[in-house]
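A short reminder: the numbers here are calculations on the coordinates, not readings from a lab. It should be emphasised that the depicted structure is a prediction, and the values quoted were computed from it without experimental measurement. Reconstructed Cβ throughout: ideal geometry from the backbone, glycine too, with neighbour counts over all protein chains shown.
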Amino acid sequence: MLGMKGGAGRARGFTLLELMVTVAVLAILMAIAVPNFSALINRDRLTSQANELVAVIQYARSEAVRLNGRVTLCPSADGAACSGSDWSRSIVLAARNNEVLRQFSGNGKAAISADVDDVTFSADGLARDGSGLLATANVTVCIDTTRPPDNQRVVQLASGSRVSIQQASGACP
């Protein structure tokens with residue numbers, strides 16, 4: 001017989017024990033990796049939403065300068081006028097003809113709230129409050145989770161035009 005010289009040939013492959021050890025090691029690695037992966041996904045969702053809000057704020061500011069008039073960023077329940085308090089659906093509105101210049105819709109995974117009713121930029125590119133002072137605003141993007149522990153991104157508008165993003169943690173508003 002060919003190939004059987006000197007005794008019985010040994011079949012190549014995995015034994016049941018080797019296969020069970022491999023599956024156990026893979027299960028342990030997956031148990032470690034999956035929670036970290038969900039934290040990564042949540043962190044990316046928060047960052048993405050915060051960056052989109054920054055882009056919308058900067059767009060509203062640039063349109064106010066370009067149009068040489070007031071432009072308002074505000075929450076909108078219907079997508080046509082400023083209404084409600086849910087900032088996950090917002091619009092950029094030109095004051096002179098109430099034209100909607102841009103709409104912003106959140107991804108549905110994050111809650112978005114603000115400490116102001118709206119942000120209005122004037123022709124000089126600065127946001128001012130009702131009394132004419134430079135406006136400040138905090139728009140909070142939050143995912144109700146403990147992974148990552150810093151489950152909020154706060155988009156801060158300071159000195160009428162300076163926008164920054166800060167990380168925070170806590171219960172979603």
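Data table
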{"item": "Check: the chain dipole with +1 on Lys, Arg Cβ and -1 on Asp, Glu Cβ, in debye", "result": "860 debye"}
{"item": "Separation of alpha-carbon centers, the stretch 106-141 and the stretch 147-171, rounded to whole Å", "result": "13 Å"}
{"item": "Theoretical FRET efficiency, 1/(1+(r/R0)^6), r = Cβ-Cβ of Asp150 and Ser105, R0 30 Å, to 0.05", "result": "0.80"}
{"item": "Helical mean residue ellipticity (222 nm; -39500 (n - 2.57) per DSSP H run of 4+; nearest 500) of the chain", "result": "-11500 deg cm²/dmol"}
{"item": "For the stretch 95-173, the fraction of alpha-carbon pairs in successive 5 Å shells from zero, as %", "result": "3, 14, 20, 20, 18, 13, 8, 3, 1"}
{"item": "Rounded FRET efficiency, nearest 0.05, which uses the C-beta distance separating Glu18 from Ala77 and R0 of 45 Å", "result": "0.15"}
{"item": "Solitary cysteines of the chain, where the nearest other Cys Cβ is not under 4.7 Å", "result": "none"}
{"item": "Rg to Rh, two decimals, where the stretch 17-168 supplies the alpha carbon set and Rh follows Kirkwood", "result": "1.20"}
{"item": "Potential extension, Arg96-Leu134 segment - 0.36 nm per residue separation minus Cα distance", "result": "11.6 nm"}
{"item": "Alpha-carbon gyration tensor eigenvalues x 5, square-rooted, for the stretch 115-161, Å", "result": "29, 9, 7"}
